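Below: the structure, in structure tokens.
The values are calculated or read from the model by the stated rules, or taken from the named source; none is laboratory data. Note that the coordinates shown come from a computational prediction; the quantities given were computed from them, not determined experimentally. For neighbour counting, all protein chains shown are included, and Cβ atoms are generated from backbone atoms with ideal geometry for every residue, glycine included. Each accessible area value is taken on the protein alone, full model and side chains, heavy atoms only, with ligands, DNA and RNA left out. Shrake-Rupley method; radii C 1.70, N 1.55, O 1.52, S 1.80 Å.
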Amino acid sequence: MPEITLKGISKVYRTKEIETTALDNVNLDINHGEFVSIMGPSGCGKSTLLNIIGLLDTPTAGTVGIAGITAAGMSDTRLAHFRNEHLGFVFQNFHLIPSLSVYDNVELPLTYRSSIGAKERRERVEAVLERLGISHRIKHFPSQLSGGQCQRVAIARAIVGKPSIILADEPTGNLDSAMGEEVMELLHSLNRDDGLTVVMVTHNEAHARGTDRTIRFFDGRIIS
């Protein structure tokens, strides 16, 4: 069974004057352990698709299945818990909280799990920061970090909860080429060594070529 299943997904945004179709009858299966890249011109629906896979947005039509569970009908609370347990997010702009230290940013997803005590939270945070080579910045704040360091912290936050799926939206978009390569190697190691499924939106053809499969979008549809 695929880990991610999209059936007949459409997304239409409506205002009083205009109707915009962001996704048009998208069908897609992604298997456990795949590293999939999504490419296409700006505005073609890539980020909308990623938000729907990540259960951050709901489709106008169609069904989303994650790890064998259909998201339709879940309450907001259940959706939040499901995202927290199964999905890790990495964004182009990092989305770190400026007023929190590196440690507190990475710990944050774990604070929503009552089953994980303070001791285990600290052990997990320290272990993941050590693995990503950023433990020496544990007390620093995002404003004191380079872009590459911020993205490492963001990846640490994404994986500290031990999700099965990583969703990455232009994860190298704000980084120079050297830092971008480092981030890509981190994502590949999570896929290769930990068996995580990775779905990545990118404009970088070289980064896409390094993934298992590239899905190309145009005007809200998969074209290849």
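Answer with yes or no whether Ile52 is over 18 Å from Met1 (Cα atoms) and in a strand (DSSP E or B).
When the stated conditions are applied, Ile52 does not pass them.
It is to be established whether one or more residues within segment 157-172 are farther than 22 Å from His86 by Cβ and in contact with a Gly (Cβ under 6 Å, 6 or more places away or on another chain).
Yes.
Give me a count of the residues in segment 1-46 that are under 19 Å from the mean Cα position of the chain (by Cα), exposed (fewer than 14 other Cβ atoms within 10 Å of the Cβ) and not in a loop (DSSP other than H, G, I, E, B).
1
Residue-wise test of (1) in contact (Cβ under 8 Å) with a residue 40 or more places away in the chain; (2) in contact with a helix residue (DSSP H, G or I) (Cβ under 7 Å, 6 or more places away or on another chain); (3) at positive phi; (4) open to solvent by less than 30 Å² (accessible area, probe 1.4 Å).
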position: Ile138; (1), (2), (3), (4): no, yes, no, no
position: Ser143; (1), (2), (3), (4): yes, no, no, no
position: Ser146; (1), (2), (3), (4): no, no, no, no
position: Val153; (1), (2), (3), (4): yes, yes, no, yes
position: Arg157; (1), (2), (3), (4): yes, yes, no, no
position: Ile165; (1), (2), (3), (4): yes, yes, no, yes
position: Asp176; (1), (2), (3), (4): no, no, no, no
position: Gly180; (1), (2), (3), (4): no, no, no, yes
position: Met184; (1), (2), (3), (4): no, yes, no, yes
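Which condition number does Ala80 fail, the rest of (1) under 21 Å from Thr197 (Cα atoms); (2) of a type in the set (A, V, I, L, M); (3) surrounded by 18 or more Cβ atoms within 10 Å (Cβ to Cβ) being met?
(3)
Would you point out the residue of segment 102-122, among those that are open to solvent by 50 Å² or more (accessible area, probe 1.4 Å) and small (Gly, Ala, Ser), that is nearest to Ile138 (Cα to Cα)?
My answer is Ala118.
Kindly list the number of the only condition in (1) part of a loop (DSSP other than H, G, I, E, B); (2) buried (at least 16 other Cβ atoms within 10 Å of the Cβ) that fails for Ser99.
Going through (1) part of a loop (DSSP other than H, G, I, E, B); (2) buried (at least 16 other Cβ atoms within 10 Å of the Cβ) one by one, Ser99 breaks only (2).
Anything in segment 34-62 that is of a type outside the set (A, V, I, L, M, F, W, C) and under 19 Å from Asn84 (Cα atoms)? List them, or say none.
Selection gives Asn51, Gly54, Asp57, Thr58.
Counting only residues that are over 22 Å from Leu96 (Cα atoms), give me the strands (runs of 3 or more DSSP E) lying completely in segment 153-220 with at least 3 of them.
213-218
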